[in-house]
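Scroll down for the structure; my scribbles are underneath it.
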Amino acid sequence: MILDSESYNLANAIESLLEESPDGEIKPELMESVLEIATTPCQDARQAGDQLRALRRQVSEAAERHGLCIGSAGTHPFAMWEDQRISRAERYRELVSALRFVARQEIIFGLHVHVGIDDADKAIHVTNGMRVHVPVLLALSANSPFWRAQATGLSSTRMPIFRAFPRTGMPPTYKDWADYESRIGFMVESGAIKDYTFLWYDVRPHPNFGTVEIRAIDAQTRVEHTLGLAALIQAMVKELAEHYDSGGELARYPYEMLEENRWLAARHGLEGQLVDLPHKRLVSTKELARRLFDRLRPHAQDLGAEQEFDGVEDIIERGDGATRQRIVFEANHDFNEVVREIVSATTA
């Protein structure tokens, strides 16, 4: 979020912050009040952390020189989409022309994590398998409890806002790479979409990058939580890749149940329950997250990401971002105070 440093309103000021960066990419997004930073491909979570901290410092310092500041969360607590200008890039203007209100009201902020995969069929296996993990990732990352100066009652308000877009949410399953290529090719050849990047599912293969991309999660305020979730996702992908290499078959669960778990995660964050799919019963989301954390820790150790992985434990023990925002708001019912706290923690 690009913010006015006095009012903490969103500021339509992306052009003033687009500077060359030695530590990754700084790019515009759909709206002029939104800034995207992206690391280059990294060998491990530690390298990603070094780049991400440098990028946050750079954009924060650049913003300060223009009377602005930077904050990271899933939504801005009191901003109005009617006040936001659309970026001048042709892709974004075409998007607004095609989607109208659906695109214009999308002042939301997400975290995307790419993990490199060395085989096309393996990438499909991993994509299919990651669908089961999406709800717990969404619960851990929930960081958008406020929208248009209202407490929504949701932990991730970002999720249903983005759900208004076409081709979002839980992706379908694909038999293999040939099936994926055929089905997406049908959409492209028919003129329905320009290319596969117009599929905005929670998880998708990204052929141009050779990755599986996880898109389900809210932007994180604290950099250690960003890196913790990235390390967790990398460990999940490692486990699924090894499962494919060993000839394993994925368990099949009803699409409706995957979507229901996704909703429960957005509604309650870590404070609710999810369905433990293999056992067909509701369990504490924290319990499920803890179980997953403990199971995947050896994978994080193998990947050299144990230190970053501990950021997930901090979320489990001390609460997701939505819980932390609510605690600040409940003290004085002051949305400016919430954003001020977000800014402070974003650059810490």
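Brief remarks on what is shown
- Taking the Cα centre of the chain as origin and assigning +1 to Lys and Arg Cβ atoms and -1 to Asp and Glu Cβ atoms, the resulting dipole is close to 920 debye.
- Over the range 162-299, volume per residue of the alpha carbon convex hull, in Å³: 146
- Mean ellipticity per residue at 222 nm, deg cm²/dmol - from DSSP H runs of n ≥ 4 across the chain, formula -39500 (n - 2.57): -15000 deg cm²/dmol
- The candidate values are (i) 57, 47, 37; (ii) 99, 79, 32; (iii) 56, 55, 41; the one derived from this structure for Cα extents along the principal axes in Å carries the label (i).
- 10 Å-binned pair-distance histogram of the range 1-55 (Cα, whole percent): 24, 42, 27, 6
- For the range 32-176, Kirkwood radius (reciprocal of mean inverse C-alpha pair distance, Å): 17.8
- For the range 54-127, the residue among Gly67, Ile86, Leu111 whose Cα projects farthest onto the positive side of the dipole built from Cβ charges is Gly67.
- Centre separation in Å (Cα based) which lies between the range 22-96 and the range 228-268: 28
- Per residue accessible area in Å² of the chain, where ligands, DNA and RNA are left out and the probe is 1.4 Å: 46
- Summary of the geometry: the range 169-222 and the range 295-346, compared by the centres of their Cα atoms, lie 28 Å apart.
- Dipole axis of the chain (+1 Lys, Arg; -1 Asp, Glu on Cβ), positive-most option in Val312, Ala345, His133: His133
- The equivalent ellipsoid that matches the C-alpha gyration tensor of the range 218-289 spans semi-axes of 22, 21, 10 angstrom, in descending order.
- Lysine pair count for the chain (Cα-Cα distance under 22 Å; residues 8 or more apart in sequence or on different chains): 4.
- Compactness of the range 291-348 - radius of gyration and Dmax, Cα, Å: 15.2, 45
- The range 219-272, dipole about Cα centre (Lys/Arg Cβ +1, Asp/Glu Cβ -1), debye to the nearest 20: 200
- Our Cα-only numbers for the range 128-186 put the radius of gyration and Dmax at 15.3, 47 Å.
- Take 181-192, 218-229 and order them by the average number of nearby Cβ atoms within 10 Å per residue, most first; the result is 218-229, 181-192.
- Loop GluC sites (Glu not before Pro), the range 1-68 (other Cβ atoms within 10 Å of the site Cβ: 13 or fewer; DSSP): Glu6, Glu19, Glu20
- As a fraction of the 1.4 Å probe accessible area of the range 156-281, surface on carbon and sulfur atoms comes out at 52 percent.
- Cα-based convex hull, the range 233-333, per residue volume (Å³, whole number): 112
- Positive-end residue, the chain charge dipole about Cα centroid, Cβ charges, pick of Thr285, Ala151, His243: Ala151
- Only Lys, Arg, Asp and Glu carry charge here, each on its Cβ (+1 for the first two, -1 for the last two); on that basis the range 79-153 has a dipole of about 300 debye about its Cα centre.
- Taking the centroid of alpha carbons for each part, the range 273-287 and the range 144-158 are 24 Å apart.
The values are calculated or read from the model by the stated rules, or taken from the named source; none is laboratory data. Note that this is a predicted model, so its numbers are computed, not measured. Cβ coordinates were reconstructed from backbone atoms using ideal geometry, including for glycine residues, and neighbour counts include every protein chain displayed. These accessible areas exclude ligands, DNA and RNA; they are computed on the full protein's heavy atoms, side chains included. Shrake-Rupley method; radii C 1.70, N 1.55, O 1.52, S 1.80 Å.
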